[in-house]
Amino acid sequence: MAATAASSFSAAAAAAARRSSPSHLRLLARRHLPFSSTVSFSAAAPPAAAASFGWEDALRVAADDRRGDESDLSGYFRKVDTCNRGMDKKGEFVEFMVEDQVVGYIHQGFVEHLRDFRDVFTIASGSNGNNNVEHVTLHSSLRTPDERTNAVGSVIRSLGDLIPGIRNELYPITSSYGMPVYFSLERAAAPFFGIKAYGVHMNGYVEKESQKFLWIAKRSDTKQTFPGMLDHLVAGGLPYGISCEENVIKECEEEAGIPRSISSNATSVGAISYMDIEGFRYKRDVLFCYDLKLPPDFVPNNEDGEVDSFRLIPIPHAANIIRRTHFFKPNCNLVIIDFLFRHGYHVYKPRLPWLPKAAAKLEER
């Protein structure tokens, strides 16, 4: 493994010299760090700009009942489309394989950045004498999950600002959910390798006077991704070595201060998947969805600094925000839309302007 690490360092130095990028040169100094969940290294890019709306804006849109668009489903369809972009670009990606199993997809342009790391990645080209990439796999010398995790993590650090938003959180890489783990990958890098990533999203709701309300969170303005946008009461990626149920309980405590005595009652209600292509990134996400009925007097309290504030709003108002705005983090829209239909908030009622007149005529008879 020492020889492999030395070879990786040499490849990184050569790659950095060719690119002559100050950020790449600065990152080379950190290549000796082991890649593990206990290691922290700074993100290569600044956070995105915080959302420009506030609660007052969201609640005003939510409470506006003069639009008459309650039965218009087109706003929901647009949100689904937002999470499923770029399917016409799938041909620009090649398979990423480990032990003869397809675990992801890598953009041909991003593959060029991996050529410098020959001791980590093997790039298979066409057999007809052309240079077309057929697939990418890991070098045969990397045989154990730990060796692969360390080697790929070293490459990610060297790529610097090509992969922004480093989170120091490992995702398990498998051919499908529940299958053996080949290695673990930094969460921020998952879309660049087309890895199928898993997460948990929970709708926390209460019932008061026969009406349902949904707890909504507003993300901190300092979040690396989607700062200041609306979010679920509880949501998070599914890291290595923890079950969905335990992850929900952990996230409930960290994000909303919900004790285990309550969060253990969360109900699994299914899963939602989507695929989104943007540039070199190919997001293949699966969200395991949960519902949790909370006590009417419960008030969430964020424990990890990732949430700015919470609001309890009538569920039809949450539906209005989704249909009419882009205030929610995009994938949250999908989970809440699913909640709306499961809880009977959208049995389709076509708007037929002639119906009241026809009913009046029938009454006259």
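The values are calculated or read from the model by the stated rules, or taken from the named source; none is laboratory data. Owing to the predicted nature of the structure, the values given are computational and were not obtained by experimental measurement. As a convention, Cβ positions derive from the backbone with ideal geometry for all residues, glycine included, and neighbour counts pool all protein chains shown. We work out accessible area using only protein heavy atoms, side chains counted, and drop any ligands, DNA or RNA first. Shrake-Rupley method; radii C 1.70, N 1.55, O 1.52, S 1.80 Å.
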Worksheet entry | Members of segment 238-272 found to be under 20 Å from Arg187 (Cβ atoms) and part of a loop (DSSP other than H, G, I, E, B), listed by number | Leu238, Pro239, Tyr240, Gly241, Ile242, Ser243
Response to the item:
From the option list His24, His113, His107, single residue qualifying as at pLDDT 95 or above, in contact with a Gly (Cβ under 9 Å, 6 or more places away or on another chain) and either open to solvent by less than 80 Å² (accessible area, probe 1.4 Å) or closer than 18 Å to Ile277 by Cβ (or both) is His107
Practice prompt. Using the structure shown, decide if Glu95 is in a strand (DSSP E or B), modelled with pLDDT of 95 or more and open to solvent by 60 Å² or more (accessible area, probe 1.4 Å).
Written response: yes
Discussion item. Anything in segment 57-74 that is part of a helix (DSSP H, G or I) and either open to solvent by less than 70 Å² (accessible area, probe 1.4 Å) or among the small types (Gly, Ala, Ser) (or both)? List them, or say none.
Written reply: Asp57, Ala58, Leu59, Val61, Ala62, Ala63, Ser74
Practice prompt. Inspect segment 307-325 for any residue being of a type in the set (Asp, Glu), over 21 Å from the mean Cα position of the chain (by Cα) and at pLDDT below 95 and give the result as yes or no.
Written response: no
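Would it be correct to say that Tyr171 is in the same structural domain as Lys218 (by the TED database), in contact with a Lys or Arg (Cβ under 8 Å, 6 or more places away or on another chain) and of a type in the set (Phe, Trp, Tyr)?
Numbers: in the same structural domain as Lys218 (by the TED database): no; in contact with a Lys or Arg (Cβ under 8 Å, 6 or more places away or on another chain): yes; of a type in the set (Phe, Trp, Tyr): yes.
No; evaluated as a whole, the condition is false for this residue.
I need the full set of residues from segment 75-91 which are assigned to a helix (DSSP H, G or I) and in contact (Cβ under 8 Å) with a residue 60 or more places away in the chain, in order please.
The first filter runs over segment 75-91 and keeps only residues assigned to a helix (DSSP H, G or I), leaving 75-82, 87-91.
Residues satisfying the conditions are Gly75, Tyr76, Lys79, Val80, Thr82, Met87, Lys89, Lys90.
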Discussion item. Cβ contacts < 8 Å: first residue open to solvent by less than 30 Å² (accessible area, probe 1.4 Å), restricted to segment 123-138; second residue at pLDDT 80 or above and of a type in the set (D, E, K, R), any location; separation 6+ or different chain. Result?
Written reply: Ala124/Glu134; Gly126/Glu134; Val136/Glu95; Leu138/Arg148
Item to complete: Would you confirm whether any residue within segment 155-170 is over 27 Å from Asn247 (Cβ atoms), out of contact with any Pro (no Cβ under 8 Å at 6 or more places or on another chain) and at pLDDT 95 or above?
Response: yes
Worksheet item: Out of Tyr205, Tyr198, Tyr171, Tyr177, which single residue is outside any strand (DSSP E or B) and either hydroxyl-bearing (Ser, Thr, Tyr) or open to solvent by 20 Å² or more (accessible area, probe 1.4 Å) (or both)?
Response: Tyr177
Worksheet, complete the sentence: The residue from Leu142, Leu159, Leu185 that alone is part of a loop (DSSP other than H, G, I, E, B), in the same structural domain as Tyr105 (by the TED database) and of a type outside the set (Val, Ile, Thr) is Leu142
Worksheet, complete the sentence: The one condition Ile156 fails out of (1) touching an Asp or Glu at 6+ places or on another chain (Cβ under 6 Å); (2) open to solvent by 10 Å² or more (accessible area, probe 1.4 Å) is (2)
Item to complete: Say whether the condition of being open to solvent by 10 Å² or more (accessible area, probe 1.4 Å), closer than 30 Å to Glu92 by Cα, under 13 Å from the mean Cα position of the chain (by Cα) and of a type in the set (Gly, Ala, Ser) is met by at least one residue in segment 228-248.
Response: yes
